[in-house]
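The values are calculated or read from the model by the stated rules, or taken from the named source; none is laboratory data. Values in this document were obtained by computation on a predicted structure and should not be read as measured data. Please note: Cβ atoms are built from the backbone with ideal geometry, for glycine as well, and neighbour counts cover all protein chains shown. Surface accessibility is based on the protein's heavy atoms, side chains included, excluding ligands, DNA and RNA. Shrake-Rupley method; radii C 1.70, N 1.55, O 1.52, S 1.80 Å.
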Amino acid sequence: QILSLGAGFDSLYFRLKDMGLLHHTVVYEVDFPNVACQKATLIRRMQELSALVGGTGGEGLGVIAFSGEDYKLLGVDLSELSELERALEEAGLDNEIPTLFIAEVALTYMENSRSDALIQWAAEHFSQACFLLYEQMHPEDAFGRVMQQHFSQLNSALHSLAQYPDCEAQQRRFFEKGWTECSVMDMNEFFTCCTPEDEQQRVQALEPFDEYEEWHLKCSHYFVLTASKGMEPSWTPLVSNTTVPHRDGPVRVAGSITAAVCARHSEIPGLRRYGHRSVLIKPNVILTTGGFGEEDGQHCRMRNFHVLIKHAGYWKAGCVKKENPDKRWDERLYHTVSCLSNGLALVVGGRTSPSSAGLGMLWLKFPETCNALDSDDVTVELVSLQPAAAPAALRWRHSTTEVIFKGEKYLFLYGGRSAMEPVLGDWYFLHTQELSCTVIPVEGPVPESRHSHSACSWNGGVLIAGGLGAAERPLGSVFFLRELEHGFQWQTVETHPPLVPRYSHTAHVHDGKLLLVGGVWFHSSSVPGITVIDLVTGLCLDYAINVEHLEWPLMLHNHSSVFLPNEKELLLIGGGGNCFSFGTHLNTEPVSLSLSDILTSH
């Protein structure tokens, strides 16, 4: 028997029946009476469905809304256990034969005392039983708060989260209610380890997709649990089909850093965005370009540029005037911006949509005489470039970093993805004067392809950390591309403890230390804060970000960050994403972190 609790309009029975997988098995579905009635009416109206059930299912007698040979649809409130038991008995449920209970995001809408009673009843009344539960978890981190807010707005509060906030608590719950075996994993682990590789590839190829952060964050906030009792042989479906080590235990935290709002309240919401880039174009002036965010009261790809200007110890946000406003910016996301001098920056790549990424390169020119105290005085001129290095620029989620070879400056363009390739591992050296691609020999072990990694200039070379690899799994490797006499060489930077794999973070180097900021990882028990890697010893320390002074959930992915070395101040600008389930969340204001304590004590 299969008993689907809160089945809604699920088509599981019809799919199993159509595939010939329901030999000697009866499916019982339970939901509110009005839902069961609507579903019964739909089945009767559709010849294809009623033919699969084998009959008209009667006119609906009492709580039984539809009754076929191997399909029973019941209209009962799950929280009324005695009514449920009576209805199931009337419909012919047999306590002595193997029974699978399915509850896909149903029990969490009930009061905990009632859902607990239902879980215990199933264990006590059935001699051979299995339970499959799919629900939300981790209510207290930033994504969890956005998720809870979404369900509250629908008047569908998630009751189980407070008492059972994680996998371990749910597992204890089932053991305490009488189940003898119980396994649980989050949906990142399930997709990576339990979903056949050909099915993963089929899903990944369905359509152009670029919302990796929201996909992985949503999966880290849902779990699948299987429990059983009296089954011979034992029922353990959550068996990994891969040797990928997944849950390594909680991340050890060395301390915490307090986040504070850094900009005066501004009427300009232009810094609420993600997939943008922010660069220091002169002392105390930060330019932010591109991304997706809030403009003119609606969510869209951002057309305007914005600045943050520090004056008398305070940051003030403002809009930038374009000297040639008719010049199309292309409204790009996931591009790079490299400052090559006081008055000149180079924009490389980016996309409008995942199938449209041929945006090439642009110069941004700023007059060097502008008054850095007044945002109204900051102007930017856009200059399109001839496609001299076009193949290099047809990508997004890549990095461009300044390196020095034989005293000459180059931009090292690395990785990313393109409309044709989901992940790239190639690189180019762009001469900063001529913007021509120069061939420079590179030796050593080539890093695996990646996008959404970080890249920082250091000692004339570049440090690459993390990223999302070919299998859509975060990477934990750190590489240093160092200058040799005749070219460059890739070297692996060993970290201990090993760096937790992550992507969509930002990074900075200060005084021989690599700082990794935020990002997304598969450790659903916590979110990335600041990781400090000592580049001499390899020591790797994680610091949590204390957000108690912020009035909104701080999403630390798809953000940009600027590090001010003299003040040891880190500015976080924008961040968030567009989740297909829970809507768009944008960090409300720029945030400041003082790193003086951890950089002094580290």
Open item on the list: With the requirement that a residue be open to solvent by 60 Å² or more (accessible area, probe 1.4 Å) and touching a strand residue (DSSP E or B) at 6+ places or on another chain (Cβ under 9 Å), what does the range 154-171 give you?
Closed with: E168
TODO: Out of the residues in the range 2-41 that are more than 16 Å from A103 (Cβ to Cβ) and touching a helix residue (DSSP H, G or I) at 6+ places or on another chain (Cβ under 7 Å), state the one that is surrounded by the fewest Cβ atoms within 10 Å (Cβ to Cβ).
DONE: D18
TODO: For the range 292-316, enumerate the residues that are within 25 Å of P565 (Cβ to Cβ) and in contact with a strand residue (DSSP E or B) (Cβ under 9 Å, 6 or more places away or on another chain).
DONE: F305, H306, V307, L308, I309, K310, Y314, W315, K316
Task: Check on E448, touching a Gly at 6+ places or on another chain (Cβ under 9 Å), farther than 17 Å from G349 by Cβ and without any contact (Cβ under 8 Å) to a residue 40 or more places away in the chain - done: yes
Task: Matching residues, the range 295-316, being small (G, A, S) and farther than 12 Å from R272 by Cα - done: A312, G313
Open item on the list: Every residue in the range 107-141 that is hydrophobic (A, V, I, L, M, F, W, C) and in contact with a helix residue (DSSP H, G or I) (Cβ under 9 Å, 6 or more places away or on another chain), please.
Closed with: L107, M110, A117, L118, I119, W121, A123, A129, F131, L133, M137
- [ ] Give, as residue ranges, the strands (runs of 3 or more DSSP E) completely inside the range 424-542 that count at least 3 residues that are farther than 30 Å from F223 by Cβ and open to solvent by less than 50 Å² (accessible area, probe 1.4 Å).
- [x] 427-431, 461-465, 478-483, 488-492, 506-510, 513-517, 530-534
- [ ] Kindly indicate whether any position in the range 36-52 is hydroxyl-bearing (S, T, Y), in contact with a Gly (Cβ under 9 Å, 6 or more places away or on another chain) and either outside the structural domain of T108 (by the TED database) or touching a residue at least 24 places away in the same chain (Cβ under 8 Å) (or both).
- [x] no
Open item on the list: Restricting to the range 111-153, give me the number of residues that are surrounded by 15 or more Cβ atoms within 10 Å (Cβ to Cβ) and within 30 Å of G519 (Cβ to Cβ).
Closed with: 17
Open item on the list: Please verify whether S4 is outside any helix (DSSP H, G or I), among the small types (G, A, S) and in contact (Cβ under 8 Å) with a residue 60 or more places away in the chain, treating the condition exactly as stated.
Closed with: yes
TODO: Name the strands (runs of 3 or more DSSP E) wholly inside the range 562-602 in which the number of residues that are open to solvent by less than 10 Å² (accessible area, probe 1.4 Å) is 2 or more.
DONE: 569-573, 576-579, 591-594
TODO: Answer yes or no as to whether L161 is among the aliphatic types (A, V, I, L, M), in contact with a Pro (Cβ under 8 Å, 6 or more places away or on another chain) and within 20 Å of P553 (Cβ to Cβ).
DONE: yes
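For the range 548-561, how many residues are within 19 Å of W521 (Cα to Cα) and not in a strand (DSSP E or B)? First the steps, then the outcome.
Let us first name the residues in the range 548-561 that are within 19 Å of W521 (Cα to Cα), namely 553-561.
From what's left, not in a strand (DSSP E or B): 553-559.
Total meeting the criteria: 7.
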Open item on the list: Looking at the range 143-151, can you tell me whether even one residue there is touching a strand residue (DSSP E or B) at 6+ places or on another chain (Cβ under 7 Å), at pLDDT below 95 and not in a helix (DSSP H, G or I)?
Closed with: no
Task: Selection from the range 402-422 of residues that are open to solvent by 10 Å² or more (accessible area, probe 1.4 Å) and touching a Leu at 6+ places or on another chain (Cβ under 7 Å) - done: E402, Y410, R417, S418
- [ ] Tell me, yes or no, whether the range 158-180 has at least one residue that is basic (K, R) and over 24 Å from L107 (Cα atoms).
- [x] no
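Restricting to the range 172-182, name every residue that is part of a strand (DSSP E or B) and open to solvent by 40 Å² or more (accessible area, probe 1.4 Å). Please lay out each step first, then the result.
Within the range 172-182, the subset part of a strand (DSSP E or B) is 181-182.
Once the filter is applied, which keeps residues that are part of a strand (DSSP E or B) and open to solvent by 40 Å² or more (accessible area, probe 1.4 Å), the range 172-182 yields only E181.
In contact with a Ser or Thr (Cβ under 8 Å, 6 or more places away or on another chain) and not β-branched (V, I, T): is that true of F580 in this structure?
Values: in contact with a Ser or Thr (Cβ under 8 Å, 6 or more places away or on another chain): no; not β-branched (V, I, T): yes.
Taking the combined requirement at face value, the residue does not satisfy it.
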Open item on the list: Take T352 and tell me if it is of a type in the set (S, T, Y), in contact with a Ser or Thr (Cβ under 8 Å, 6 or more places away or on another chain) and in the same structural domain as S457 (by the TED database).
Closed with: no
TODO: Sort out which residues of the range 183-223 are assigned to a loop (DSSP other than H, G, I, E, B) and under 27 Å from L586 (Cα atoms), and write them in order of number.
DONE: E207, P208, F209, D210, E211, H221
